[in-house]
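Here the structure comes first, spelled out in structure tokens, and everything after it is commentary.
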Amino acid sequence: MSNQELLGKIVELVGGRENIQSAVNCMTRLRLYLRDDSLVKMAELKSVDGVLGVVEDETLQVVVGPGTAAKLLELYKEGADGKEDLAVGEDWQANKAKLKGKQKQSRLKQGLRTIGEIFIPLIPAIIAAGIFNGFGGLITNLQNTEILAKTEFWNVTRLILSLLGGSFLGYFTIFTGINAAKNFGATEALGGMVGALTVMGQINDISAAIGMYNAESPLNSILRSGKGGVIGVIIGVYILAKVEKKVRKVVPDVLDLIVTPLVTLLAMAIAMIFVIMPLSGIFSDWLVGALQLLVGSTNPVLSVLSGFVLSALFLPMVLLGLHHGLIPIYAVQLEQMGGVSLFPVLAMAGAGQVGAAIAIYLKAKRTNNHKLTQIISGALPAGILGIGEPLIYGVTLPLGKPFITAGIGAGFGGAYVMLQHVMASAWGPSGVTAIPLMQPGSMLNYFIGLIIAYIGGFVVTTLFLKDREIQEFE
């Protein structure tokens with residue numbers, strides 16, 4: 001089925017273009033804001049070939065897979081949504097909405113989802129920058145160990161890679177400010193300026209002038225360049241949106257273009273320098289300190305326990321919509337620690353699902369459940385590559401028990417990864433596709449963690465799942 005045909009079927013089954021207020025996409029989902037949810041033909045939508053799942057909350061989220069979501073949105077914007085008759089796929093992909101539809105959208109979940117919408121469009125750049133920096137660091141390590149000669153070719157290659165990585169990560173707060181403004185309803189360029197001012201060198205001069213700079217230990221300054229990071233930027237841009245709207249209401253139209261941005265930015269600069277950056281910096285420092293107790297702990301028992309629990313509980317967090325709150329933590333770690341330790345640990349959750357699916361496949365083959373073997377055969381390669389939704393919503397979650405055993409199995413991989421202090425240069429899809437995202441010294445241990453999680457999910461599921469449960473699954 002072509003993307004145009006898939007889009008046409010989706011648009012038809014959600015009530016047509018006239019029922020769609022707006023459409024956006026994330027990595028794997030087409031998010032539709034609908035005028036009337038009752039017009040959606042949910043059963044038919046769930047069974048469309050190419051639709052991996054449907055999630056209902058304040059938006060209708062149609063899971064279509066990485067890459068496809070962006071292409072469908074582009075086609076939608078172009079108006080290419082013809083309504084040809086299409087073949088209908090299997091209904092095993094349609095279990096997502098049953099769980100999500102029962103969840104209430106609390107203020108906490110709305111806030112976490114907003115955070116996700118700020119960072120999700122940045123993920124392709126985060127991945128690319130992380131890979132560039134990772135390979136740049138790998139060249140440096142190979143040169144230091146004299147495996148690679150320190151020739152001009154390798155030196156220039158390393159510089160180009162670090163240039164590409166730094167061109168995004170060095171200005172991460174600016175991109176965050178722009179996306180935050182887009183989500184909060186502020187002028188995007190002003191949001192970018194709020195993000196930019198936090199990393200300008202003049203901040204240190206201002207801090208020194210007002211007695212907030214610690215020259216002996218700059219990192220311990222109350223105010224310094226970069227203080228507060230993306231957390232401060234998000235808070236600042238949220239307030240920016242409020243201030244800009246209030247200023248615009250009282251400024252005459254003829255002066256709006258000049259006065260509104262000047263007044264808004266001046267007010268926000270004062271607020272950022274004297275209040276938001278210092279306070280969000282204190283919170284960021286506390287957060288990093290707490291993470292260091294887990295990541296950098298010399299107590300192996302603590303490392304094993306924290307790694308096991310975090311990876312085992314990650315997928316339940318995803319089901320509850322709480323995983324978006326982890327993205328700022330990734331960003332804070334990347335800014336202040338030079339790498340992300342949480343992402344490699346949580347990535348083990350998907351590996352546990354893969355191991356469980358292999359165990360289920362063997363049991364299904366033994367009990368002649370051909371439907372289940374076909375489902376797993378199609379979904380397993382995607383799971384290994386880090387796209388776990390087909391396995392989760394089509395196999396382990398409907399069966400119930402394997403969802404739990406997979407989490408337990410993932411815990412073993414998470415424990416190993418935490419014990420080895422695996423660090424990533426960025427975050428993105430998990431599975432084997434995340435190996436290039438790991439820092440050079442962590443790639444092997446991350447891969448070993450995946451193998452352990454595969455084995456853990458397989459063994460625990462094999463032990464606790466009975467053949468009879470597989471045989472009765474339809």
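Worth pointing out:
- Nearest 10 degrees, 0 to 90: helix 277-295 Cα axis against the chain principal axis: 40
- Counting neighbouring beta carbons within 10 Å and listing from fewest to most, the residues Val459, Val395, Val14 come out as Val459, Val14, Val395.
- Pairwise FRET efficiency - Lys466 versus Met200, Cβ, R0 = 56 Å, nearest 0.05: 0.35
- Rounded to the nearest 10 degrees, the inclination of helix 3-13 to the longest alpha-carbon principal axis of the chain is 80 degrees.
- Secondary-structure-derived ellipticity at 222 nm for the chain, considering helices only, amounts to -19500 deg cm²/dmol, per-run term -39500 (n - 2.57) for DSSP H runs with n ≥ 4.
- Among the listed pairs Lys77/Lys249; Lys9/Lys77; Lys46/Lys71; Lys182/Lys227; Lys9/Lys371, those beyond 27 Å (Cα-Cα): Lys77/Lys249
- Helix 401-419 axis versus longest C-alpha principal axis of the chain: approximately 40°, rounded to the nearest ten.
- Rounded to the nearest 20 debye, dipole of the range 171-292 from Cβ charges on Lys, Arg, Asp, Glu: 320
- For Met438, the residues whose modelled amide H falls within less than 5 Å of its own, excluding neighbours fewer than 5 places apart on the same chain, are Ser425.
- Applied to the range 349-358, the Karplus parametrisation 6.51 cos²θ - 1.76 cosθ + 1.60 on θ = phi - 60° returns per-residue 3J(HN,Hα) values of 4, x, 5, x, 5, 5, x, 5, 5, 5 Hz, with x for Gly and Pro.
- Arranged from fewest to most other beta-carbon atoms within 10 Å of their beta carbon, Ser425, Ser217, Ser2, Ser306 become Ser217, Ser2, Ser306, Ser425.
- With neighbour counts taken as other beta-carbon atoms within 10 Å, the residues Leu60, Leu397, Leu163, Leu279 rank, fewest first, as Leu163, Leu279, Leu397, Leu60.
- Unit charges on C-beta of K, R, D, E only; dipole of the chain, Debye: 780
The numbers here are math on the coordinates, done by the rules we state, and not lab data. Since the model is a prediction, treat every value here as computed from it, not as a measurement. Neighbour counts are summed over all protein chains in view; Cβ atoms, including those assigned to glycine, are modelled from backbone coordinates with ideal geometry.
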